[in-house]
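Undergrad: Here it is: the structure, laid out below.
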Amino acid sequence: MPQSIARPHLHERRAVLRTLAAAALPALTGLAGAQPAAFPTRNVTMIVPFPAGATLDYLVRQVAQQLSERWKHPVVVDNRTGAGGIVGISFGAKAPNDGYTLIAVANSFVANTVLRNDMPYDAFTDFVPVTLLGAVPHVLVANAGTPFKTIAELKRYSKDKEARLSYSSGGNGTMSHLAGEMLKRSAGIRAVHVPYRGQGPALADVVSGQVQMTFANLPEALPMIKEGKIRALAIAQSARSQLLPDVPTFVELGMPSVISDSWYGLVAPKGTSPAIVARIQQDIASVIAQPEMRSKLLATGLEPAATTPKAFEDFMHSTAEVYRRVVTDAHITLDK
């Protein structure tokens, strides 16, 4: 995505996701002989560092359910929230590196390497990549009772000296935080950042009116938009969504730099066997490739993918460089 938080144009991102996903299964067939004879032999835990109900939580639970059936052992989802995902990821970093603990991560996993100097872990040396799972676009939504219904009205409202704008995010350093800062810079508006322990609570307080707006993951916001609980102002991708065809893009509105999405993946603690990682990735790729699973995810706005560990590693490194340029150019800093 051009000059964006989240890499090239979304249609290009989707093409990349499809290409990587298509290549994932054949790329790993040669590893079958190197994989462990029996894995798993007991329960596997997937740590989700965000609250239940969030898009990442939904995606992981869908995958976990299918893996449980395939492996004949439960795959347990453990939500450990706090500090924009840092609490849960820190916990996962200290888990045994036997393949029985996996950690679900989002953009902030990489963005924090650029934004913070006090991280309790290193995203690139304390973990091994397993697979990219997919991505969703962000949509700027506002409480249904706000006095603005469009971006133009939002700009006019912000010029009122009595206006008090606020936007919520899933936590410091999350993509909803960075997207909000880019909106402020691009639209020339003032708004107070209110960080939460995950995007679910951040969106809930927009619905209740505690905060006026947020950049929400499309799957989480869509039901509330349709019910009239929140108002969609603009979608942060290069083309309109088929799920919200009447909502303009920021590109259309003359703000091409406000393009953002959330991507999701799985990592394992450092030292996890490459053979076990390959087995896990191959099984996840098989699960996500199922037509019924793909249709279910696409219907919510999720673009599924299941890349090889190496492709996911390269993706994270290239994404970190994009974030580095965006944070530097926009002078974005974390709230203290």
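Undergrad: Can you tell me which of 171-178, 248-255 comes out highest on packing, and rank the rest after it, using the mean Cβ neighbours within 10 Å?
TA: So the order, starting with the most tightly packed, is 171-178, 248-255.
Undergrad: Moving on. Hey, which aspartates and glutamates would be in cross-link range of Lys149, C-alpha to C-alpha under 14 Å, not counting anything within fewer than 8 residues on its own chain?
TA: Partners found: Asp246.
Undergrad: Okay, next question. Assuming R0 = 45 Å, what is the FRET efficiency of His331 and Thr45, from their Cβ-Cβ distance, to the nearest 0.05?
TA: It comes out at approximately 0.70.
Undergrad: Taking a 27 Å limit on the Cα-Cα distance, which of the listed pairs Lys184/Lys270; Lys155/Lys229; Lys155/Lys296; Lys161/Lys226 fall beyond it?
TA: Violating the 27 Å limit, Cα to Cα: Lys184/Lys270; Lys155/Lys296; Lys161/Lys226.
Undergrad: Using the alpha-carbon centroid of each, what span in Å lies between the stretch 94-112 and the stretch 245-265?
TA: 28
Undergrad: Could you work out the Rg to Rh ratio of the stretch 137-235, with Rh taken as the Kirkwood radius (inverse of the mean 1/r over all Cα pairs)?
TA: 0.92
Undergrad: While we're here: Quick one: what are the phi-derived ³J(HN,Hα) couplings along the stretch 261-278, Karplus 6.51/-1.76/1.60 with θ = phi - 60°, whole Hz, x for glycine and proline?
TA: After applying 6.51 cos²θ - 1.76 cosθ + 1.60, I find 9, 10, 10, 9, x, 10, 10, 10, x, 3, x, 4, 4, x, 5, 5, 4, 4 Hz.
Undergrad: Okay, moving on. What ranking of Glu292, Glu321 emerges when the number of other C-beta atoms within 10 Å of each C-beta is taken as an exposure proxy, fewest first?
TA: Fewest to most other Cβ atoms nearby, the residues stand as Glu292, Glu321.
Undergrad: Please report the antiparallel percentage of DSSP beta bridges with both residues in the chain, rounded to the nearest 5.
TA: Antiparallel bridges: around 60 percent, rounded to the nearest 5.
Undergrad: For Rg and Dmax of the Cα atoms in Å, which listed value, [x] 23.3, 69; [y] 19.5, 68; [z] 43.5, 159, comes from the coordinates shown?
TA: [y]
Undergrad: Still on this structure, I have one more. Cα convex hull of the stretch 180-300: mean projected area in nm², to one decimal?
TA: The orientation-averaged projected area of the Cα hull of the stretch 180-300 comes to 10.1 nm².
Undergrad: Just to be sure I understand: of the beta bridges DSSP finds with both ends in the stretch 137-235, what percent are antiparallel, rounded to 5?
TA: 60
Undergrad: So how compact is the stretch 62-103: Cα radius of gyration and Dmax in angstrom?
TA: Reported Rg and Dmax, both Å: 11.8, 34.
Undergrad: While we're here: With 10 angstrom as the radius, rank His317, His138, His193, His331 by how many other C-beta atoms surround their C-beta, starting from the fewest.
TA: Ranked by crowding around the Cβ, least crowded first: His331, His317, His193, His138.
No value in this document is a laboratory result; all are computed from the given coordinates. On a predicted model such as this, the values are computed, not experimentally measured, just so you know. Because the Cβ atoms are built from the backbone with ideal geometry, glycine has one as well, and the counts that use them run over all protein chains shown.
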